[in-house]
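The values are calculated or read from the model by the stated rules, or taken from the named source; none is laboratory data. All of these numbers come straight from a predicted model, not from anything done at the bench. Backbone-built Cβ (ideal geometry, glycine too); neighbour counts: all protein chains shown. Accessible surface areas use protein heavy atoms only, side chains included; no ligands, DNA or RNA. Shrake-Rupley method; radii C 1.70, N 1.55, O 1.52, S 1.80 Å.
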Amino acid sequence: QVQLVESGGGLVQAGGSLRLSCAASGIIVSLTTMAWYRQAPGKQRELVATITSSGATNYADFVKGRFTISRDNAKNTVYLQMNSLKPEDTAVYYCNVYRPSSNYWGQGTQVTVSS
């Protein structure tokens, strides 16, 4: 059974940084494409970044150059380093496989960026 536990969110001023973590069980993150998503109030969930099994990364245009996705295979954990945060980055951030086929999502971690 897949379990994803996101952590590392918080309140930060614009221009600041946060590092999100996603501890996975029931899935081996190095064997599949993992992704970070976010959902702002009143908006649909959107894809932020992906990392493939080979380590290739891809980013949404709105975070390119500011966010970095990575993983630690030994810890079976995926990370999202977020720099130069903007108020519009405020959202609940989730990790999951890319294009999940199930309805399972972790609890997410809240990121709030103040201006």
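Worth a mention:
- Taking region 27-45 as the range and being over 12 Å from the mean Cα position of the chain (by Cα), without any contact (Cβ under 8 Å) to a residue 60 or more places away in the chain and open to solvent by less than 60 Å² (accessible area, probe 1.4 Å) as the test, the residues that pass are V29, S30, A40.
- Restricting region 51-62 to residues that are outside any strand (DSSP E or B) and either at pLDDT below 95 or polar (S, T, N, Q) (or both), the residue that is most open to solvent (accessible area, probe 1.4 Å): S54
- Taken together, the residues in region 66-115 that are over 10 Å from the mean Cα position of the chain (by Cα), under 15 Å from V5 (Cα atoms) and not aliphatic (A, V, I, L, M) amount to 10.
- For the residues V48, V92, the requirement of being assigned to a strand (DSSP E or B) and open to solvent by 10 Å² or more (accessible area, probe 1.4 Å) singles out V92.
- Hey, G15 touching a residue at least 60 places away in the same chain (Cβ under 8 Å), small (G, A, S) and either surrounded by 15 or more Cβ atoms within 10 Å (Cβ to Cβ) or on the phi > 0 side of the Ramachandran plot (or both) or not: yes
One line per residue, one yes/no per condition, for (1) under 26 Å from L11 (Cβ atoms); (2) of a type in the set (V, I, T):
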site: W36; (1), (2): yes, no
site: L47; (1), (2): yes, no
site: T50; (1), (2): no, yes
site: N58; (1), (2): no, no
site: S70; (1), (2): yes, no
site: N73; (1), (2): no, no
site: N76; (1), (2): no, no
site: L80; (1), (2): yes, no
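- Any chance S21 is touching a residue at least 24 places away in the same chain (Cβ under 8 Å), surrounded by 14 or more Cβ atoms within 10 Å (Cβ to Cβ), out of contact with any helix residue (DSSP H, G or I) (no Cβ under 9 Å at 6 or more places or on another chain) and among the hydroxyl-bearing types (S, T, Y): yes
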